Structure formats: C-alpha cells, structure tokens
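The values are calculated or read from the model by the stated rules, or taken from the named source; none is laboratory data. Quick caveat: nothing in here was measured; it's all calculated off a predicted structure. Calculation scope for accessible area: heavy atoms of the full protein, side chains included, ligands and nucleic acids excluded. Shrake-Rupley method; radii C 1.70, N 1.55, O 1.52, S 1.80 Å.
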Amino acid sequence: MIGKSKVLRIDDDSKPDWYDEIDPVSFYEKHFETTFLEKISVVYPDFIGVSFALKIETVLGESSKPDLAIIRKDYKEWYIIEAEMGRHSWEDHVEKQVKVFTNGVYEKNKIANYIFKQDSTNILELKHLENMVSLIHPKVMVVVNEHKPHWQKEIKKHKAFLSVFQIFKGLNGFEIFRIEGDTPFVYRDKSHCDFLKGGSNILMVYTPHFITEPDDQEIQVTFRGKQTKWIKKSQTNGTVALIFKGSSTFLQLEKKYILYITDKNEYFLDLN
C-alpha cells in the first residue's frame with residue numbers, strides 16, 4: 001500500500017520519476033530498521049551505526065531493548081536508537097522505552113564489547129569504546145517513519161531526540177528517503193542568536209567570526225531538516241545580522257537560537 005505523500009524527482013537527462021511514500025500503517029518494522037541502518041553512513045556521515053539488541057536496565061529494575069546505536073567516529077558522542085512505527089502509541093509504548101534508555105545503566109565492558117562485535121566496518125576500537133561508554137552517557141533518539149508532532153513535544157521532556165525517516169518507492173524499484181527533525185552532526189563552531197526586536201525577519205548572531213561570507217551574500221541555513229535562505233549584513237558592533245530571504249519566516253520570534261557551522265562549512269540553526 002502507498003501513503004499520502006509523493007516525491008517527484010527530475011533529472012536533466014531522464015524522464016521525471018514519481019516516488020510514493022510507503023504507507024506507514026502497512027510498513028514492516030524490521031524493514032524500516034534495516035533500511036535505516038544501511039543508510040546511516042549517508043544520513044549521519046560522522047557516525048558509525050550498529051545493531052543493538054542488548055537489554056538496558058535502570059536502577060529501579062525497568063528494562064527494554066533498543067534497536068540500534070550510532071557512535072561518533074571520534075568517540076565524543078553516541079546515541080541509543082529506537083526505530084519506531086508511527087502507528088504505535090506514545091503513552092503506552094514509546095515513552096516507556098525512552099524513559100528506560102535515558103535513565104539506563106550502561107556497564108562499560110559489556111556495552112563496549114557488544115558494540116565492538118557488532119561493528120561490520122571494523123573501524124571502531126575496543127579501548128576507545130570502553131573509554132567512551134565509561135565517560136559519556138548515550139543520548140537517546142527515536143527514529144520514526146512518519147511526521148509525529150505530538151511525539152516531538154513529549155520527547156523533549158525526557159531530553160531525548162526525534163528524527164523522521166520516510167521511505168518512498170518508485171515504479172522503477174528504487175527507494176528515496178526524506179529526513180526531518182533532529183539530526184546529529186559534528187560542528188566546528190557556534191554562536192548564540194535571536195531575532196531583533198521589531199524586526200521579524202532579522203536574526204542577530206552575536207559571535208559571528210566563523211561567518212566568512214561577504215556582506216550581501218546569500219547563506220543557506222538548515223533548521224531541523226528545512227532549508228532556509230538568508231542575506232548577511234555586518235554590524236558596527238561586531239555582530240552579524242542575517243536577513244531572512246522571503247516574505248516571512250516560520251521560526252518562533254520569541255525564542256533564542258544557536259547557529260552552528262560544520263567542518264564542511266554548512267550552517268545549521270536550532271533552538272537554544
């Protein structure tokens with residue numbers, strides 16, 4: 001069965017191809033989990049993904065099994081991943097797992113050895129994994145196959161993350177993917193910023209030394225999977241104003257933000 005959404009792919013040298021969303025209701029969970037694991041090197045290029053089926057327990061005796069883990073290649077960050085179907089209930093199913101994983105006890109040798117054995121890339125080193133697990137508590141992320149605004153609101157209460165990974169299939173047999181929500185990435189610098197009072201389209205960046213583009217140049221900034229375009233304007237007080245290119249922005253003007261730049265000079269904006 002197909003879902004409600006479609007994607008049209010147009011290449012200059014071939015005819016247009018329509019891709020239909022695989023119906024979230026009829027989706028097989030194992031297929032979703034396997035597909036996401038196969039694409040982790042593309043979706044999160046700074047991380048290595050592994051299957052992860054160890055039972056995680058809390059000090060209160062609660063337990064649950066996640067699906068995957070991703071480990072940053074420099075061992076400075078790692079995530080426990082729960083691959084979920086949108087048809088499942090947040091209150092009766094997903095929330096319990098998030099609570100267990102965020103409050104779980106992660107024993108150094110047991111977890112590190114398990115990850116090491118699951119690594120099909122043979123890149124991860126056991127000593128570094130042991131050090132990582134002993135010093136860094138994992139972040140928790142739910143990856144779901146459809147847009148779930150209710151989950152997004154609730155998951156923040158547990159200081160966890162939500163990423164949407166939608167799969168579309170064409171008549172040609174190929175699949176394409178859509179990403180939305182939280183996306184782990186490695187940044188080399190960041191700055192606090194917020195909207196100028198009385199200027200609904202002007203974002204003030206307070207420590208903008210990493211923004212090297214000249215004034216009046218267009219800058220692309222990604223906010224939770226959405227591409228936005230801005231024009232840079234340097235200010236006399238050392239700050240930088242980014243002027244939204246368009247009639248209005250969907251961002252919340254009263255909120256504070258952080259602007260990140262990656263090693264690839266890509267800009268990302270998120271709530272502070």
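How far is helix 108-118 tilted off the main Cα axis of the chain, in degrees rounded to 10, range 0 to 90?
90
If you roll a 1.4 Å probe over the chain with all protein chains in place, what percent of the accessible area is carbon or sulfur?
51
Taking Cα atoms, how many degrees apart are the long axis of helix 126-135 and the longest axis of the chain, rounded to 10 and kept between 0 and 90?
70
Taking the Cα atoms of the chain, report the difference between the largest and smallest coordinate on each principal axis, in whole Å and largest first.
Dimensions of the chain along the principal axes of its Cα atoms: 56, 49, 38 Å.
Remind me, relative contact order of the chain in percent, using alpha carbon pairs under 8 angstrom and six or more residues apart?
14
Taking only the alpha-carbon positions of segment 108-193 and ignoring solvent, what does the Debye formula give for the base-10 log of I(q)/I(0) at q = 0.15, 0.22, 0.27 Å⁻¹?
-0.88, -1.07, -1.15
Let me have the relative contact order for segment 153-272, percent, based on Cα pairs under 8 Å that are six or more residues apart.
25 percent.
Please check: in the Gaussian network model of the chain (C-alpha springs, under 10 Å), which one of Phe244, Phe223, Phe174 has the largest mean-square fluctuation.
Checking each option, the largest mean-square fluctuation is seen for Phe174.
Which of Thr102, Thr236, Thr35 moves the most in a Gaussian network model of the chain with Cα springs under 10 Å?
The residue with the greatest mean-square fluctuation here is Thr236.
When the helices in the chain are scored as -39500 (n - 2.57) per DSSP H run of 4 or longer and the sum is shared across all residues, what 222 nm value do you end up with, to the nearest 500 deg cm²/dmol?
That comes out to -5000 deg cm²/dmol.
Among Trp18, Trp230, Trp151, which one shows the highest mean-square fluctuation when the chain is modelled as a Gaussian network with alpha-carbon springs under 10 Å?
Highest fluctuation of the listed residues: Trp18.
If I fit a long axis through the Cα atoms of helix 29-38 and take the longest principal axis of the Cα atoms of the chain, what angle between them do I get, 0 to 90°, rounded to 10?
Computed tilt is about 60 degrees.
Put one equal scatterer on each alpha carbon of segment 32-123, apply the Debye formula with no solvent term, and list log10 I(q)/I(0) at q = 0.16, 0.17, 0.21, 0.24 1/Å to two decimals.
Taken in order of the listed q values, log10 I(q)/I(0) reads -0.69, -0.77, -1.12, -1.33.
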